[in-house]
Amino acid sequence: MADYDYDLFVIGAGSGGVRAARLAAMSGAKVAVAEESRVGGTCVIRGCVPKKFMVYASEYAQSFETARGFGWDIGDTRFDWPRFLRAKDDEIARLSGIYVRNLQNAGAELVHAKARVKDAHTVEVEGKGTVTAKKILIATGGRPWMPTDVPGIEHAISSNEAFHLAELPKSIVIAGGGYIALEFACIFNGLGVETTVVHRGPNVLRGFDDDIRSHVAEEMEARGIKIRLGAQINAIEKTADGLSSACVDGHMLASEVVMFALGRGPYTEGLGLAEAGVALTANGAVKVDDYSHTNIDSIWAVGDVTDRINLTPVAIREGAAFAQTEFYANPTTFDHDMVASAIFTQPQVGSVGLSEADARHKYGKVDIYLAKFRAMKETFYGGQQRCLMKLVVEQGSERILGCHVVAPDGPEIIQMAAIAMKMGVTKPQWDATCAVHPTLAEELVTMRDKYMPPSLGA
Ligand code: NDP
């Protein structure tokens with residue numbers, strides 16, 4: 001140890017970096033964490049957490065409608081965007097402060113500066129010179145990717161800016177059909193913003209189960225969001241009233257704000273990794289093995305910067321596994337199989353395991369169980385929103401390969417399903433579970449009849 005300034009130097013104080021740093025420091029190791037921005041990373045500062053606050057805020061529009069159906073008289077409602085932003089920023093500051101305190105309480109040193117790898121054991125800290133470390137952990141996360149070949153792209157915002165708009169726009173055009181595009185489309189639509197999604201593909205949410213994709217798109221459209229599929233924005237111009245987006249098919253879309261959500265990329269730029277000999281993938285992600293170890297003996301990487309599954313809880317588990325392996329003599333890997341995910345659209349999506357298409361491709365014959373229904377809360381007041389629940393089951397073994405839920409609290413429901421599926425639950429075991437009544441989730445354990453998809457000749 002005497003040879004190095006630190007046992008561990010972590011670059012990036014987001015979910016993965018903070019977890020690894022805390023655990024390592026708690027083992028007695030001398031740890032430093034460098035962060036160029038605010039402590040907490042994408043999740044806390046400009047991702048999951050502020051996004052969820054915006055989801056909550058936007059859901060009230062629908063709640064007021066529902067409340068009327070349940071006998072409430074509701075006067076004029078008005079949303080105060082600046083008041084919401086202040087409250088949101090206060091809460092983010094509080095949470096970031098907790099991250100800082102947790103690091104300090106664990107004994108880790110926080111360095112507020114950009115750091116770059118100089119060589120296998122040396123880190124250059126901006127404005128503070130170089131330090132040496134026995135081990136280096138890269139946990140710098142990802143960043144929104146913006147195309148460079150769209151004239152006028154400088155007028156468009158990414159999700160980073162969507163959290164800080166000075167005024168709530170009257171209209172927004174959102175490019176992309178993934179998590180971020182759809183979540184923000186639902187947020188803005190809920191807040192009363194005229195919202196249009198422009199997506200190049202034939203359906204949104206590529207990678208998810210096809211029934212889920214179609215259902216989410218239909219429900220979003222039923223709530224007033226315009227979704228233009230097979231379309232792409234190829235130029236943006238400033239106009240007297242705002243912006244004009246030209247689509248490839250010649251269609252022009254006018255809006256006050258244009259947001260691009262075409263994916264995120266690993267943040268490795270300026271980190272000195274290639275120069276230090278760290279192997280990167282074609283899109284710049286750090287190449288790692290199951291132990292998050294790079295090709296350089298003293299350097300590891302966790303979280304979005306490795307572009308495995310880009311979700312906060314995954315980064316946390318990768319960071320924890322790294323710390324267990326390297327600082328507690330307990331070799332640990334994180335199993336990336338059966339990781340559930342949620343999309344906080346309206347309605348929300350919870351999904352774990354394989355889509356029907358992937359299951360058919362991988363396992364051949366599968367049985368499908370599917371329910372599409374209006375929840376009792378909807379039927380009471382005449383609401384038309386529908387839930388969708390779907391199970392994908394391997395024929396023969398009866399193992400449940402996929403569980404997909406589009407429903408209020410779908411993400412809460414899927415967490416429980418994920419436990420059972422991680423344990424390899426079969427359909428008979430699943431069905432032996434008694435329903436909780438009256439709930440939405442009971443539908444999941446009462447689906448008995450196999451569903452024949454129309455494409456298979458039902
Ligand atoms: P996604 O990868 O989910 O979606 C990107 C979208 O942009 C896709 O619809 C894609 O289309 C489209 N696209 C990509 N390149 C182009 C292009 N050149 N021209 C036109 N369209 C393009 O990225 P997001 O930015 O939505 O989210 C990034 C990641 O962040 C997610 O993968 C997820 O891991 C994480 N995240 C998770 C959330 C959650 O857990 N709730 C919330 C938000 C983000 P196509 O499908 O055709 O490729």
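The values are calculated or read from the model by the stated rules, or taken from the named source; none is laboratory data. The structure presented is a predicted model; accordingly, all values stated were derived computationally and were not measured. Cβ sites come from the backbone with ideal geometry, for glycine too, and all protein chains shown count toward neighbours. Note: accessible area is taken over every heavy atom of the protein model, side chains too, but ligands, DNA and RNA are not part of it. Shrake-Rupley method; radii C 1.70, N 1.55, O 1.52, S 1.80 Å.
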Note on the range 292-427: alpha-carbon gyration tensor, axes a ≥ b ≥ c; rule is a/c under 1.5 for rounded, else prolate if a/b larger than b/c, else oblate; result prolate
Protection proxy (average C-beta count within 10 Å per residue), highest first, orders 94-101, 294-301 as 294-301, 94-101
Shape call for the range 138-204, from the Cα gyration tensor axes a ≥ b ≥ c (a/c under 1.5 means rounded, otherwise prolate when a/b beats b/c, else oblate), comes out rounded
Probe 1.4 Å, all chains present, heavy atoms only: Tyr328 accessible area in Å², nearest 10, is 90
Evaluated at 37 °C and 0.692 mPa s, the Stokes-Einstein D of the chain based on the Kirkwood radius over Cα pairs, in µm²/s, stands at 137
Descending packing, highest mean Cβ count within 10 Å first, for 18-27, 129-138 is 18-27, 129-138
Answer in debye to the nearest 20: the dipole magnitude of the chain about its Cα centre, from +1 Lys/Arg and -1 Asp/Glu charges placed on Cβ, is 360
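Could you tell me whether the range 86-147 comes out rounded, prolate or oblate from its Cα gyration tensor? Rule is a ≥ b ≥ c as square roots of the eigenvalues, rounded for a/c under 1.5, then prolate if a/b exceeds b/c, otherwise oblate.
Working: a/c = 2.45, a/b = 1.40, b/c = 1.74.
Oblate, since a/c reaches 1.5 and b/c is not below a/b.
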Counting only protein heavy atoms and rolling a 1.4 Å probe, one gets per residue an accessible area for the range 49-147 in Å² of 56
Excluding residues fewer than 8 positions from Lys52 in its own chain, the aspartates and glutamates with Cα under 14 Å of it are Asp89, Glu91, Glu183, Asp409, Glu412
Taking protein heavy atoms only, a 1.4 Å probe, and rounding to whole percent, the accessible area of the chain owed to carbon and sulfur comes out at 51
Probe 1.4 Å, all chains present, heavy atoms only: Asp211 accessible area in Å², nearest 10, is 50
Computed over the range 216-334, protein heavy atoms only, probe 1.4 angstrom, the accessible area per residue in square angstrom equals 46
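Once you have the Kirkwood Rh of the range 396-437 from its Cα pairs, apply Stokes-Einstein at 25 °C and 0.890 mPa s and quote D in µm²/s.
221
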The answer for the net charge of residues other than Ile98 whose Cβ lies under 14 angstrom from its Cβ, with Lys and Arg +1 and Asp and Glu -1, is +3
Answer in debye to the nearest 20: the dipole magnitude of the range 392-458 about its Cα centre, from +1 Lys/Arg and -1 Asp/Glu charges placed on Cβ, is 220
Inverse of <1/r> over all distinct C-alpha pairs of the range 131-253, i.e. the Kirkwood Rh in Å, gives 16.0
Within the range 91-248, pairs of Lys residues whose Cα atoms are less than 24 angstrom apart, provided they are eight or more positions apart or on distinct chains, add up to 9
Sorted on mean Cβ neighbours within 10 Å (highest first), peptides 347-356, 42-51, 407-416, 334-343 come out as 347-356, 42-51, 407-416, 334-343
Stokes-Einstein, Kirkwood over Cα pairs, the range 353-400, 25 °C, 0.890 mPa s; D in µm²/s equals 200
The size of the Cβ-based charge dipole (Lys, Arg +1; Asp, Glu -1) of the range 55-100 about the Cα centre, to the nearest 20 debye, is 120
Expressed in square angstrom to the nearest 10, the accessible area of Ile419 with a 1.4 Å probe stands at 90
Any lysines whose Cα falls less than 28 Å from that of Lys450, other than same-chain ones fewer than 8 residues away, would be Lys362, Lys365, Lys372, Lys377, Lys390, Lys422, Lys427
Rounded to one decimal in nm, the spacing of the 7 Å Cα→Cβ label points at Ala371 and Ala432 is 2.0
